[in-house]
Amino acid sequence: MDDPKTTAMAGQQGTLRAQRGEGFSLASSAGLIYVGYLIEPELLAGMVIGAGIVFASGLVAGLVDSIVRPVVKTAVKAGYSAASGAREMVAEVSQEIQGTVAEARAEHQV
């Protein structure tokens, strides 16, 4: 029986390799498409389109990571800053209202 730690580490390494694109090459993909073509020639167009989508997704992921992530990070920073400013403003207004209510209560009791 395999050690669970060893199995988990191997799974994580395989996942990391797949995320970085290691272990999968254009040549191996082309080879798999060719084998599929030999089995079912009618499916060649679909296999080529699927391979193109997989290949393009790697390019798009890099583009999204380099462009979209900084934009989202900037938007989150701006939102946090606005929320922080609004929180301070609400606290000041709340203190003023509490002061006014305290004055009115004191004048009413006199």
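Quick rundown of the values:
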| quantity | calculated |
| --- | --- |
| Added length on full extension, which subtracts the Cα-Cα distance from 0.36 nm per residue, E103 to A45 | 12.8 nm |
| Ratio Rg/Rh [Cα only; Rh per Kirkwood] for segment 24-109 | 1.64 |
| In order through segment 82-88: 3J(HN,Hα) via Karplus (6.51 cos²θ - 1.76 cosθ + 1.60), integer Hz, x for Gly, Pro | 5, 5, 5, x, 5, 4, 5 |
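No value in this document is a laboratory result; all are computed from the given coordinates. These figures come from a predicted structure and were not determined experimentally.
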